[in-house]
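Any read-out appearing in this document is the output of simple, stated calculations on the displayed coordinates, not a laboratory observation. These numbers come from a predicted model, not from an experiment. Here the Cβ positions follow ideal geometry from the backbone for every residue, glycine too, while neighbour counts run over all protein chains shown.
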Amino acid sequence: MAASVRQTLRLVLLAGLPLLLVLAACAPIEDTADEQLEAGQATGATEGTQGTETGDGSETASATGAAGGGGSLTYAAAPPNTIDPHMMSSLGDIHTVQPVVNYLVRLGSDLSLQPDLATEWESEDGQTWTFTLREGVTFHDGSDFTAEDVVATFDRLVDPEVASAAAGSFTFLEKGGTTAVDDHTVQFDLTEPVGDFPAWVTAYQAAILPSDWEGDFATNPIGTGPFELTEYTPRLSARYERNPDYWEEGLPKLDSMEAIYYEDFGAQITAIQSGDVDLMTLLPGDLVDTVPAGGGVEVLSAPSATHGQITMRVDMEPWDDVRVRQAMALTVDREQIVEELWGGHATVANDHTLAPVYEEAEALDLDRRAQDIERAQQLLTEAGHPDGIDVELTTYGGIGIFAQAVAEMAAPAGIRIEITVEPTDVYYQHWTDLPLAMETWLHRSSIAQMPSLAFRCGADWNVPHWCNEDFDALIGELNATVDEGERAEIAAQMAAILHEEVPSVIAWFQDTLSAVRDNVSGYESHPANFVDFRTTTVE
Amino acid sequence: MARSADSGLLRYFLRRLAVMLGLLVLVSVLIFAMVEILPGDVGNLILGQYATAENVDLVRQQLGLDRPLAVRYLDWMGGFLTGDWGDSWRLGTPLAPLIGRRLYNSVVLAGVAFAFVIPVSITAGIVSALRRDRLTDRVINGISVVSITIPEFVSSMFLILFFSLLLPWFPSSAMVPEDAGPLTTLRYLALPVIAISPVLIGYIARTVRASMITELGADYTRTAYLKGLDPRTVITKHVLRNALLPAITVIANQIAWLVGGLVVIEAVFNYPGIGQLLLQAALVQDVPMLEAIVLILAAILMLSNLAADLLYTMLNPRVRAQATGGAT
């Protein structure tokens, strides 16, 4: 019966195979590829905040050179999971869909709000918003773009039966809250005032689709965008042809494009070096030093407000003592992280989320917290921990290296950190319960949004469980203020509170990186990692 | 006599097939059970990290995950058996064409690799055995031992560095263009095939060498020589026939690995084979995709082993007697 023994062995091997693969999931191989974005992370700019402000409709892109003739681009992207525009949640999804669609408002790579399918927008009270739509725009199937399409798009986005990730952000908009005033005017009736609502409609899921769209973007890829999706093969590639009837005269310049999906960033980097692809839509910051200078590949950098947070539960020992949290913050050598782990493609941060990319925070002047091990030890002793503390830090695959660096820096001060690295989905199932946690927060365009999501009393994603009523009042004030100078003042006060109270250690703001070969021009990195190929050309 | 031996072989074959089917069912149950036990949630994985609890519930409901495990399994099994493999949970696209294309790619890569590996390794093994302990043998032996120890992710990196980046002879991505002819296809597949070959060649060559040496020293070989047969005839007619038998088993054992196990090679060369798809299905707990791929790979593994055993049995009268003897 040797045969049956052998069969059993084979069975064990077979059964073990998936298990091994799943164990492999614990290794940090897929995190960057599947780096999740959340709904509305890219909402709005620093302008367009309150009340009666009106978008500048005169700014339509003018004709620049002959249409087409810009060559054929091959770009590398992470594989999409879904290309239903309203259901997108990962970078691969976005980098596949965005060439095909337009939004009401475009978020520029300088973080400005630009007219896209809407030419103007206004509101008296911040609660009722009227958008004037562009005329003469057609979808790829030849039908006219009208207000009905906007209504259908936003109704689908917030429909509780659809489960779009955007619904979690558009909490102030209900199905039926969007109405067509006439063919080219749309009105949003929000459930509460939202001063920078035009910023929110730049959410990457809020792509305008035709009202009679039948679903399945792979076979019905109908948008108004500069490119038409002609072929889509899941997890393999996508092909695009220039939209000859595109509404921006002279654009796009490329004749065609092909997206090739790579499961692995290392393979993307060799592909761009060997010239197999012309462009990488995302270059993870920790791989930037694997792209040799002068090899015909240029790294494009866009400063953003994306950052890592080490969150400390202020309602649990030992983090309930602010001195312990300050001690933790004092152990971090921020310059070293920026220089060595980010290769300079990051900015030192000061334990608050009000990044210098925001207009309100450009002139923010706050004492920079430098590494000071002695002071950290002193604070720990004052807090009753003369022998230091033993704590456990939980994080997930992609950013494990930063956790490692932080743990090494904290050890000399007596903060002994044991790191647990979890798969991303496991982490995000319980992240708000963790005593000491570390995760990445992606760029948001409204400066008030990140504090409001992460630090408002009782907010769903307030991981440190921190609550400060003065701070909450400042968020409200910021939302209700239009004047730039006053907004900057409020932002400075918010930054000072976070810096002093340290609910989270925030050591850097990272740049969004992409890479192009030297035959590509007219492409830029975008802080929110959007792609815009309208002006791109290839030699 | 011959008829009873044949029917014995047929019964042996059918018995093996029945065992195989039973094992496949067991494997499918195990996968369902394991995904159930594993941490992580499909709803969270599909919606992204900041999904609301309501939306996660909605997705679970849409996928039918609110039903009991047994009901879900039987429902899936019913569909699978009637050819309805369903949609991938994560990608929302039908599974059969997706998996079919990936499997085709993997089989092509495996086929090209075997077409290269088998002649080279068997020749090396034979030469090595015939020149036993001489310089040729030592060189071949040394190369075999070294090549077994070079992991393919190391060799593939060097291959890309030298033959794709420094000398731009081959593409660094092995994704063959759709309209490629056979020569272009070979050019795209060259680096991955060269990367996976050393381990296989070393392994097969050493097996062939060992069995050749055994057979060369066997009594029947000496008898054949003593009968005055031409050495060439002795080797081709007697020794090789026996010495290559173990190679069949070794090669068959590599088929499933070559088709489904090249996860690293596929990642490094961005080759759209089935290994990457399996890895992704496991990572995101895409149960219908995971089930379909694992069952296909398990079937390939079992069938290639069965085929090897049958071939072995047919070529080796002693084993045949045992196999059929047990049945009759």
Task: Taking chain A and dividing mean pair separation by its residue count, relative contact order in percent (alpha carbons under 8 Å, at least six apart) - done: 21 percent
Open item on the list: From the C-alpha coordinates alone, can you work out the Kirkwood hydrodynamic radius of chain B, in Å?
Closed with: 23.1 Å
TODO: Give the relative contact order (percent, whole number) for chain B; include only Cα pairs under 8 Å separated by 6+ residues.
DONE: 26 percent
Task: Theoretical ellipticity at 222 nm over the protein assembly as shown - DSSP helices of four or more residues, -39500 (n - 2.57) apiece, nearest 500 - done: -14000 deg cm²/dmol
TODO: Kindly express, to the nearest 10 degrees and within the range 0 to 90, the angle between helix B:317-327's C-alpha long axis and the longest C-alpha principal axis of chain B.
DONE: 50 degrees
TODO: Starting from the amide H of A:TYR396, placed 1.01 Å from N in the peptide plane, find each other amide H under 5 Å away whose residue is 5 or more places distant or on another chain.
DONE: A:GLU422
- [ ] Can you give me the span-like helices of chain A, meaning DSSP H runs with 30 Å or more of Cα extent along the axis and Kyte-Doolittle mean at or above 1.6?
- [x] A:2-24
TODO: Once you have all Cα-Cα distances for the protein assembly as shown, histogram them in 20 Å bins from zero and send the whole-percent values.
DONE: 13, 41, 31, 12, 3, 0
Open item on the list: Whole-Hz ³J(HN,Hα) for each residue in the range A:94-106, computed from phi via Karplus 6.51 cos²θ - 1.76 cosθ + 1.60 with θ = phi - 60°, x for glycine and proline: what do you get?
Closed with: 5, 6, 8, 8, 4, x, 8, 10, 10, 10, 5, 10, 9
Open item on the list: Ranking request for peptides A:410-419, A:212-221: highest mean number of other beta-carbon atoms within 10 Å first, then the rest in descending order.
Closed with: A:410-419, A:212-221
TODO: Starting from the Cα of B:TRP257, step 7 Å along the direction of its Cβ; do the same at B:ARG67; then give the gap between the two resulting points in nm.
DONE: 4.0 nm
Task: the range B:92-285 - Rg over Rh from alpha carbon coordinates, Kirkwood radius - done: 1.08
- [ ] Work out from phi, with θ = phi - 60° and the Karplus expression 6.51 cos²θ - 1.76 cosθ + 1.60, the ³J(HN,Hα) of each residue of the range A:277-289, listed in order in whole Hz, and give x for Gly and Pro.
- [x] 10, 9, 8, 10, 6, 9, 10, x, x, 6, 9, 4, 7
TODO: Report, by chain and number, residues whose modeled amide H sits under 5 Å from the one on A:GLY70, excluding near sequence neighbours (fewer than 5 apart, same chain).
DONE: A:LEU254, A:ASP255
Open item on the list: Translational diffusion coefficient of the range B:243-325 at 25 °C, 0.890 mPa s, Stokes-Einstein with Kirkwood Rh over Cα pairs, in µm²/s as a whole number.
Closed with: 170 µm²/s
Open item on the list: I'd like the mean, over residues of B:272-284, of how many other protein chain beta carbons sit within 10 Å of each residue's own Cβ.
Closed with: 5
Open item on the list: In whole Å, what are the extents of the range B:114-184 along the principal axes defined by its C-alpha atoms, from largest to smallest?
Closed with: 47, 25, 19
TODO: Enumerate the calculated ³J(HN,Hα) couplings along the range A:161-169 in order (Karplus 6.51 cos²θ - 1.76 cosθ + 1.60, θ = phi - 60°), each rounded to whole Hz, writing x wherever the residue is Gly or Pro.
DONE: 7, 9, 6, 6, 5, 5, 4, x, 8
TODO: List every residue whose amide H lies under 5 Å from the amide H of A:ALA346, counting only residues 5 or more places away in sequence or on a different chain, with H placed 1.01 Å from N in the peptide plane.
DONE: A:ASP511
